[in-house]
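Questions regarding the structure given below will be posed in turn.
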Amino acid sequence: LSRRQRQMCIETGAYAPIEFPAVADPDTVLALREAAEESGVPFKTGISISTDSFWPGQERYDSFGGYVLKRLQGSLEDFRHIGCTNYEMENATLFTLCSVLGLKAASICGVVAKRTDSESVAPHDIYEKAEQRFQDVVKRALEKMIARPDPAEIFPEKPSSFFISLFYLTFVST
């Protein structure tokens, strides 16, 4: 979680301590992974960098002011080095709240730019293709999850709701 997201989400301690991990539900990730494989959709499972800033938090220098804090300068390369796959701005909050509330959450992130090369984004037809793929994969994943035994029957204290978020994102690496 970025500092701002932690403040917005759990500042009062109403949801979770600041150290609480923001992670996707493994069963939901597995269903999405299987659905992508079955659909022939290319994918990579990885760790997102969830930030509260579109420009400096993602080490972008092309904003209005072009300023990036010293502590964030070089962060793109640092995150690539430790294997992170992309930047986004929603998952940390989504994963924390859903986990605390007993909901299942996962995310699909689509490549729209290869930031290691440039800030140029993909043409509109690529967005349309990605949107269709997202819909196909999510539909198939939901069908798989619905067909599984209801966890509420096995664990009545846990709700059997789930949430899948879809984002177009900027990838850090390939």
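Please work out which one of (1) within 30 Å of GLN135 (Cβ to Cβ); (2) buried (at least 20 other Cβ atoms within 10 Å of the Cβ) is the condition SER99 fails and give its number.
If we test SER99 against (1) within 30 Å of GLN135 (Cβ to Cβ); (2) buried (at least 20 other Cβ atoms within 10 Å of the Cβ), just (2) comes out false.
Just to be sure, is PHE43 under 14 Å from the mean Cα position of the chain (by Cα) and outside any loop (DSSP other than H, G, I, E, B)?
When the stated conditions are applied, PHE43 does not pass them.
Restricting to the range 21-74, count the residues that are out of contact with any Ser or Thr (no Cβ under 6 Å at 6 or more places or on another chain), modelled with pLDDT of 85 or more, of a type in the set (A, V, I, L, M, F, W, C) and under 15 Å from ASN91 (Cβ atoms).
6
Do we have any residue at all in the range 78-91 that's at pLDDT below 90, assigned to a helix (DSSP H, G or I) and under 10 Å from the mean Cα position of the chain (by Cα)?
Among the residues of the range 78-91, at least one is at pLDDT below 90, assigned to a helix (DSSP H, G or I) and under 10 Å from the mean Cα position of the chain (by Cα), which makes the answer yes.
Could you list all residues from the range 45-81 that are hydrophobic (A, V, I, L, M, F, W, C) and either in contact with a Pro (Cβ under 9 Å, 6 or more places away or on another chain) or without any contact (Cβ under 8 Å) to a residue 60 or more places away in the chain (or both)?
ILE47, PHE54, TRP55, PHE64, VAL68, LEU69, LEU72
The values are calculated or read from the model by the stated rules, or taken from the named source; none is laboratory data. Since the model is a prediction, treat every value here as computed from it, not as a measurement. Here the Cβ is made from the backbone with ideal geometry for all residues, glycine too, and neighbour counts use every protein chain on show.
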